[in-house]
Amino acid sequence: MKYIFYLVGLISLTSCLKEEEPIAPFDRGGVQMGGIDINDNSDYSKQIYYDIEKNEVVRTVERSSWDLAFESAPGGIHILTNTASKVTVAKTGETDFANVTDLNSMTLNFKWDDASGNEDSLALKDWISDGVPTNEVFVVDRGEKPNLVARGVKKLKIISASSTQFVIQFSNMNGTDFQTMTIPKNQNKHYTAFSFDNGGQLVEVEPDKSKWDFVFTQYLATFYDLSPQLSYSVNGILINRNECKGVKVFDKEFSEISSADIGAYPLNDSANVIGFEWKQYDFDEATYAVVPGMNYILQSKSGLYYKMRMIDFYSTTGLKGSPRFEFELL
């Protein structure tokens, strides 16, 4: 009999439980249009930082406003060169500024940062060895302005890096305008930008590290299959590799890419994972065309996943330098 009472009680309790409510499907917003639409970047003079989650430009800077960028993490020792302006660096083998004066008397091998952003492929990586500064003097070719005017040459020595700052020395090749400068580390950014202009100055370039996903910019692409290796100035997209990841998905249609593909295509943090090859130049028409079938999955700074494809390289008025794309939250 007690089993009957137990069964009746269980049925009564069950009938009092609230029915499960269905979970509403997550609204991913559908396919959205993003990008830039400006008419003053046909000379590729701008670097345009973008937040894909807000679908908006967060900062636009002149590409030749800076030369170097210093890592801001407390243990950071890495230094980037501005390949948007074709900045290159050469080792001299000298530690004394006075011994580096005449470029024509030296055999210099100028290097540039690889577009992947890999720390092992940075032009200034040899300023330090096993945690100890080498005190080597480097020659910095500042590249050129958008109008192709040369920006000049400087000699540079990185003295030290601590948890709060870098200390550098630099001057003109003849030794004039010698400066010692402290570059404070800004913890809100991955890198702090610096320009040799006006005796040396900090420049506001990169937005706060949690406020951008990628940047539209000119940069140097390296062609490793050539001997010697060559660089070529290209225009494309570099991701915020410290916060984001991406992967090419060239074997599926954009409409077919879904959240199930996230694990099937391993993402990586190469800055140039989107890069520049999504467009090609038609020499007959003298215009750029977007290459079909080049799709990407991007993991944003907040860990959200998007599929993305480029659809244009021209503004609505027909001027180049205004990339536009479609994207959808997965």
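Side notes on the structure shown:
- A DSSP coil position with no more than 14 other Cβ atoms inside 10 Å describes the following GluC sites (Glu not before Pro) in the range 174-282: GLU204, GLU253, GLU277.
- Residue pairs, from the table LYS248/LYS320; LYS145/LYS248; LYS46/LYS307; LYS46/LYS154; LYS189/LYS252; LYS46/LYS211, whose Cα atoms sit over 28 Å apart: LYS145/LYS248; LYS189/LYS252
- Placing unit charges on each Cβ (+1 for Lys and Arg, -1 for Asp and Glu) gives the range 93-165 a dipole about its Cα centre, and among LEU122, ASN147, THR101 the Cα reaching farthest toward its positive end belongs to ASN147.
- As a calculated quantity, the FRET efficiency between VAL291 and ASP96 at R0 = 51 Å, using C-beta atoms, amounts to about 0.50.
- Taken over the alpha carbons of the chain as equal point scatterers, the Debye sum produces base-10 log I(q)/I(0) values at 0.12, 0.15, 0.16 Å⁻¹ of -0.88, -1.26, -1.38.
- Remark: the range 67-203 carries a charge dipole of roughly 320 debye about the Cα centre, counting +1 on each Lys and Arg Cβ and -1 on each Asp and Glu Cβ.
- For the chain, a simple Cβ point-charge model (Lys and Arg +1, Asp and Glu -1, everything else neutral) yields a dipole of about 560 debye relative to the Cα centre.
- Short-range pairs are left out: with C-alpha atoms under 8 Å and at least six residues apart, the relative contact order of the range 197-289 is 24 percent.
- Dipole axis of the chain (+1 Lys, Arg; -1 Asp, Glu on Cβ), positive-most option in HIS190, VAL132, ALA271: VAL132
- Cβ-Cβ distance of LYS145 and ALA260, R₀ of 35 Å, FRET efficiency by 1/(1 + (r/R0)^6): the value works out to about 0.15.
- Percent RCO, i.e. relative contact order, over the chain, from Cα pairs under 8 Å lying at least 6 residues apart: 19 percent
Laboratory data are not the source of any read-out in this text; all were calculated from the coordinates shown. Bear in mind the structure is a predicted one, so any value in this text is a computation, not a measurement. A quick note on method: Cβ atoms are made from the backbone with ideal geometry, for glycine too, and the neighbour counts reach across all protein chains shown.
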